[in-house]
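Input: a single structure, listed below in structure tokens.
The values are calculated or read from the model by the stated rules, or taken from the named source; none is laboratory data. This one's a predicted model, so the numbers in the text were calculated from it and none came from an experiment. Backbone-built Cβ (ideal geometry, glycine too); neighbour counts: all protein chains shown. Only protein heavy atoms, including side chains, enter the accessible area calculation; ligands, DNA and RNA are left aside. Shrake-Rupley method; radii C 1.70, N 1.55, O 1.52, S 1.80 Å.
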Amino acid sequence: MNVIEEKLKHLPENPGVYVMLDADGQIIYVGKAKNLKNRVRQYFFNGAKTDKVMAMVSNVADFYYIIVPSEIDALSLENNLIKKHKPRYNILLKDDKTYPYLKIDLKEPYPTFRVTRKIKKDGAKYFGPFMGGVSVKGVLEIINLAFGLRVCDKKLNPEKAVKPCLNYHIKKCFAPCALYISHDEYMQKVSGAIDFLSGDIADTEKLLKEKMLAASEREEFELALKFRENLSALDKIKLKRITSLNKFINADVVATKSNGIYSTVNLLIIRNGRMLGSKNFAFESAALSDGDALGEFILRYYKKDSDIPDEIIAAEDITSADTISDYFKREYSKSVSILCVKQGVRKQLADMAAVNAEEHLETAVDKIKHKNDMTVTACKALQEKLSLKNFPKRMECYDISNVSGVDKVGSMVVFINGEPDFDSYRRFKIKTFEGADDYRAHKEMMERRLERLNTDPEKFPKPDLIIIDGGKGQLSSVKEVFDAHNITDIDLISLAEKNEEVFTLGSSAPVIMERRDYCLKMLQRIRDEAHRFAITYHRNLRGKRALSSVLDRVKGLGKVKKKALLEKFKDLSGIISATKEQLKTVDGIGEVQATNIIDTLTKEGLR
């Protein structure tokens, strides 16, 4: 503590970022400050702190700081350091649900709505997310029935008519492909659909009623029933309207609750004046206050290509709200108002979020405790059981996959604090020899991995523990690579699947753990993930090779068209199951070419 006390005396009053380290030199917390001196001293000298903050401080063996020109620069640097190091006492969000959106690109000659789960800065318009019992497919059907927009992916030529498909004949499309509707008329219908998705429901409801009555008069009762079903779905959407809110308001409402150790955040999502639904998040946080926790949550939750609202409404004051708004503007080119309101409908929404956060806290604590047992606690126990030099914060596991030595591939999966870090996964093609040889494959993969420690440490940071899928032989072959590179500060073990034996460098006998041991379960999770990742990569390579081989036999099919087919249908099975009309939607594939593809697949016995 003497080192810390001495450093505290010399802290500057500049804005900056501070980094807390434990006794092993691991980064356990990263924070930002408008005034470094005042902020950092709060952790060590102020009395009223949560149990989680006290637990974090008790593990701090040292700290350092980085001075930056402004508070917004501190916020940006803090964000980057947290993403890179994933400190255990910072808020690290993993939202496993990605909700669908509707996308329309108005630059297309005859634009159409498509379902997507990713928002990109591509000039297109996005509507959503669709959640809380509202089906994106149902909304898409309302649009198509009411406005008759096309649903196909064909690239249409406004000057060349083609034969309309079935959707025209069942009155679900005005067939712009056949030029049965002018471009201006079509774009008016697109405008109506956009108005509907922007919250103007009345015109769409009127259209559906008129079409339902017309279908009934023509005695097309099945179609009339479809219109009635969609009118019922429209009623569900209308019920989500918050009448006292402006119908064009786009806002997220956030509130947090904490028991001193565990925290939850509830997020209510409002788009175009309608309550779409809510999300709950649970985590451990060493933030000094709820306002700090909410500010950190907001920075972790919103990303460059995420759906950032016009307003963020909070149940209480968010620390550095103005700076966060400036950050959004600088980093994401998005103006966001961050509000803490004391009255009115926004206050009622904030109170609703607070109640949801409180309720979720009661149910989330046991889940967080169990998750900790399976992750961070298991990492600590693994270090003790296997006498590892390092706390295994970053674990990398390697596996090999091949069939009779063909398409040999390797996988590297990464766990941080016992949880998968999907962005850090890597794949390797084994290139230096022919045939099947797991030992040589592991050696080649490890050679290439260890070289990246020096050449690309940002993408390939040094692991604390490397796990090899295999037994003592695989471990020994990788140890030879370690010795050649003079690697002594990375722990190395292997896990043999047959009896789940753990081999270490310190003993010739394997370590046997009980089947219920959380350490073993964690090792099994990372081993199974490496196996899955390697198998998937191997199958993809084999499938692409098979696809290329088959398509090579199609008369007149060159590289460009083969690539276009693969981009459209993803793999061989997609092309096999495609109809002639679907094949013709690919650039460069006409009637003759589509027929040749089908004939070749038939000759090969694939159709």
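Summary table below
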{"quantity": "Förster radius 60 Å - calculated FRET efficiency between residue 62 and residue 203 (Cβ-Cβ, nearest 0.05)", "calculated": "0.40"}
{"quantity": "Mean Cα-pair separation over length for the chain, i.e. relative contact order, pairs under 8 Å, 6 or more apart, %", "calculated": "9 percent"}
{"quantity": "Sulfur and carbon atoms: percent of accessible area, the stretch 456-542 [1.4 Å]", "calculated": "48 percent"}
{"quantity": "More than 26 angstrom apart: percent of Cα pairs within the stretch 141-282", "calculated": "43 percent"}
{"quantity": "Unit charges on C-beta of K, R, D, E only; dipole of the stretch 333-429, Debye", "calculated": "420 debye"}
{"quantity": "Dipole of the chain, positive direction: furthest Cα of 216, 360, 79, with charges on the beta-carbon", "calculated": "216"}
{"quantity": "Distance cut-off 17 Å, percentage of C-alpha pairs in the stretch 443-485 lying past it", "calculated": "30 percent"}
{"quantity": "Charge tally in the Cβ shell below 13 Å around residue 360, where Lys, Arg are +1 and Asp, Glu are -1, residue 360 excluded", "calculated": "-1"}
{"quantity": "Percent RCO, i.e. relative contact order, over the stretch 204-249, from Cα pairs under 8 Å lying at least 6 residues apart", "calculated": "34 percent"}
{"quantity": "Rg over Rh, two decimals, the stretch 272-339 (C-alpha only, Kirkwood Rh)", "calculated": "0.95"}
{"quantity": "Where only C-alpha atoms are counted, convex hull volume of the stretch 230-310 per residue in Å³", "calculated": "125 Å³"}
{"quantity": "Top positive-direction residue, dipole computed over the chain with Cβ charges, set 338, 390, 285", "calculated": "338"}
{"quantity": "Charge dipole (the chain, unit charges on Cβ, about Cα centre) - positive-most of 297, 64, 576", "calculated": "576"}
{"quantity": "Residue-normalised accessible area of the chain, given per residue in Å² at a 1.4 Å probe", "calculated": "50 Å²"}
{"quantity": "Kyte-Doolittle mean at least -0.5 and Cα axial length at least 20 Å: DSSP H helices in the chain", "calculated": "71-85, 183-197, 221-239, 518-551"}
{"quantity": "Candidate residues 451, 384: accessible-area rank, largest first, probe 1.4 Å", "calculated": "384, 451"}
{"quantity": "Translational D in µm²/s for the chain (Stokes-Einstein at 10 °C, 1.306 mPa s, Kirkwood Rh from C-alpha pairs)", "calculated": "56 µm²/s"}
{"quantity": "Relative contact order computed over the stretch 223-365 (Cα-Cα under 8 Å; 6+ residues apart), in percent", "calculated": "26 percent"}
{"quantity": "Listed pairs 83/125; 279/303; 154/584; 84/118 exceeding 20 Å between Cα atoms", "calculated": "83/125; 84/118"}
{"quantity": "Whole-Å semi-axes of the ellipsoid equivalent to the stretch 245-385 (Cα gyration tensor, √5λ, descending)", "calculated": "30, 18, 14"}
{"quantity": "Area of residue 54 that stays accessible when all protein chains are in place (1.4 Å probe, Å², to 10)", "calculated": "100 Å²"}
{"quantity": "Size of charge dipole - the chain - debye, nearest 20, with Cβ of Lys, Arg +1 and Asp, Glu -1, no other charges", "calculated": "1760 debye"}
{"quantity": "Accessible area (Å², 1.4 Å probe, nearest 10) - residue 117", "calculated": "140 Å²"}
{"quantity": "Fraction of alpha-carbon pairs over 15 Å apart in the stretch 1-65 - percent", "calculated": "49 percent"}
